[in-house]
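> Attaching a single structure in structure tokens format; questions to follow.
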Amino acid sequence: MSSEFAQNEAASLRLILVFFQHYLGGFYDRFYGVADFEVHLIGAALGDASEIFDFHYGVQPHGNAPEGSDPQDEFRGKNILIERHTIAETAQHFKKTGEEVTNSLAQSRAKLFSIRAKRPRPHLDDKIIAAWNGLMISAYARAARILDEPRYLEVATRAAKFLRTNLYEEKSKLLYRNYRGGRSDIEGFADDYAFVIQGLLDLYEASFDVEWLKFAVELQETQDRFFFDEKNGGYFSTSGKDQSVFLRMKDDNDSAEPAASSVAALNLLRLAQFRDDKQIGERARKTTDTFATTLSHFPSAMPQMLVALDYSLSKPRQIVIAGKKDAPETKTLLGEVNTHFLPKTILCLADGAEGQKYLGEQNEAIRAMSPIDGKPAAYVCENFTCKAPVTNPRELAALLKL
């Protein structure tokens, strides 16, 4: 990942922790408001640095809301800050280095943030929704791996613990929709299950705590029981328990939030590899087949389903690191894996303990994996037919590029 993307991602994740995190670890729904500034206030606050700031964020003398986009006339003469240029473009425009521009913008943002902090905060919708928290768990778990930031893993883990404690009923194996001062009586919808399962799979690959993988398997079984269409494939949005709902629909549009069936199809494909279970993989294929007409005639409507379809048509790839989780050599091998973009691959840890025991229940290959000559080793496999294990990160990098 480029340093600029990494900085932007880290800034977004920090901002979310400031405004959206519940003290027990879950994430609130949303703020009703945007950050807007009048140009003279920006100039007064930033002085000479405002020129770089204005160029980078598209600040205009009379406001930057496009004509026709502000029907209530709320933003007349105001600027909504949008990154209109890259760091490189801004640096070139002002004949400065990227580092100089980055530092200038950081100082300017800090000044404006302190000014905004003195304003009344916009209304906070403090519901905690299972589906959206699943997305946040994915975001922080993936960021922990890519950015090598342990704090993000802690955030993802706290959010997952919050869901399991407050929105999951152990006896019935049911997930509930939302929390606000306590759990609501509304049972989860298909998207709640899909997004939370996805988050738990990402959390396992970041933490290698097998309890999250077990939890994902439990939730998948519940989602299949209540939402899967055994006759035609795909997932209904609702469970069918509510008799007042006469027609059960299947969402077929991946918009701001992907459809439950799209996310579930990819979850199933990943779980089929983790559990070496052909029946789970067949359910995934049945799900993608259900939307074949949409994918053929209007593929841009379901880009996430296309991701699942691409995964299903590829040779399944697995990376297994055999070694103790906290051993320095293990971390080095994992660090090498995390520098590569590997979208059609699962990552496992054969730790010689509970995690490997669980993964090996249905997978003889994982049961047999172990360190080489006392050193943590990486096994790169297709359908768990593995190349010779390596212990050197350079050798691992070469295998991952094949």
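The values are calculated or read from the model by the stated rules, or taken from the named source; none is laboratory data. Computed from a predicted structure; not experimentally measured. Cβ atoms come from the backbone with ideal geometry, glycine included; neighbour counts cover every protein chain shown.
> Report every pair of residues separated by at least 6 positions or lying on different chains whose Cβ atoms are under 7 Å apart, first residue within the range 332-354 and without any contact (Cβ under 8 Å) to a residue 60 or more places away in the chain, second surrounded by 20 or more Cβ atoms within 10 Å (Cβ to Cβ) and among the polar types (S, T, N, Q).
T345/Q318; A350/Q356
> Working only within the range 27-79, note down all residues that are part of a loop (DSSP other than H, G, I, E, B), at negative phi and touching a Gly at 6+ places or on another chain (Cβ under 8 Å).
The answer is H62, N64, F75, R76.
> Determine whether the range 289-310 contains at least one residue that is farther than 21 Å from D202 by Cβ, in contact with a helix residue (DSSP H, G or I) (Cβ under 7 Å, 6 or more places away or on another chain) and of a type in the set (G, A, S).
yes
> Kindly provide the set of residues from the range 375-387 that are under 15 Å from I321 (Cβ atoms) and not hydroxyl-bearing (S, T, Y), ordered by number. I'd like the intermediate steps shown before the answer.
Applying the first criterion (under 15 Å from I321 (Cβ atoms)) to the range 375-387 yields 375-381, 384, 386-387.
Of everything in the range 375-387, those that are under 15 Å from I321 (Cβ atoms) and not hydroxyl-bearing (S, T, Y) turn out to be K375, P376, A377, A378, V380, C381, F384, C386, K387.
> While we're here: Which one of the conditions (1) closer than 15 Å to L112 by Cβ; (2) modelled with pLDDT of 85 or more; (3) in a loop (DSSP other than H, G, I, E, B) does L24 fail to meet, given that it meets all the rest?
L24 satisfies every listed condition except (1).
> Give the residue, chosen from A131, A156, that is buried (at least 21 other Cβ atoms within 10 Å of the Cβ) and within 12 Å of A206 (Cβ to Cβ).
A156
> Follow-up. What residue, among those in the range 368-384 that are assigned to a loop (DSSP other than H, G, I, E, B) and in contact (Cβ under 8 Å) with a residue 60 or more places away in the chain, is farthest from C348 (Cα to Cα)? Steps first, please.
Residues of the range 368-384 assigned to a loop (DSSP other than H, G, I, E, B): 369-371, 373-374, 376, 383-384.
Still in the running and in contact (Cβ under 8 Å) with a residue 60 or more places away in the chain: 383-384.
Working: N383: 14, F384: 12 Å.
Filtering the range 368-384 for residues that are assigned to a loop (DSSP other than H, G, I, E, B) and in contact (Cβ under 8 Å) with a residue 60 or more places away in the chain, the one farthest from C348 (Cα to Cα) comes out as N383.
> Separate question: In the range 317-337, what residues are surrounded by fewer than 19 Cβ atoms within 10 Å (Cβ to Cβ) and not charged (D, E, K, R)?
Residues satisfying the conditions are A327, P328, T332, G335.
> Return the pair list, or none, for Cβ contacts closer than 9 Å from residues in the range 59-73 that are under 14 Å from E38 (Cα atoms) to residues that are acidic (D, E) and part of a loop (DSSP other than H, G, I, E, B), at least 6 apart or on different chains.
What qualifies is G63/D70; A65/E74.
> Would you mind finding the one in D251, D192 that is buried (at least 24 other Cβ atoms within 10 Å of the Cβ), within 26 Å of D29 (Cβ to Cβ) and charged (D, E, K, R)?
When all the criteria are applied, what remains is D192.
> Tell me the helices (runs of 4 or more DSSP H) entirely within the range 203-300 that contain at least 3 residues that are touching a strand residue (DSSP E or B) at 6+ places or on another chain (Cβ under 8 Å) and at pLDDT 95 or above.
Those helices (runs of 4 or more DSSP H) span 210-227, 260-274.
> Taking interchain pairs and intrachain pairs at least six residues apart, which have beta carbon atoms under 6 angstrom, with the first residue in the range 104-119 and closer than 24 Å to T90 by Cα and the second among the acidic types (D, E) and part of a helix (DSSP H, G or I)?
Short answer, once both residue conditions are applied: none.
> Still on this model: Exactly one of these conditions fails for E74: (1) under 31 Å from the mean Cα position of the chain (by Cα); (2) loosely packed, with under 14 Cβ neighbours inside 10 Å. Give me its number.
(1)
> Return yes when L46 is in contact with a helix residue (DSSP H, G or I) (Cβ under 6 Å, 6 or more places away or on another chain) and at pLDDT below 95 and no when it is not. It would help to see each step written out before you state the result.
Numbers: in contact with a helix residue (DSSP H, G or I) (Cβ under 6 Å, 6 or more places away or on another chain): yes; at pLDDT below 95: yes.
Criteria met by L46.
> Name the residues in the range 254-277 that are among the acidic types (D, E) and surrounded by fewer than 19 Cβ atoms within 10 Å (Cβ to Cβ), would you?
Matches in the range 254-277: E257, D277.
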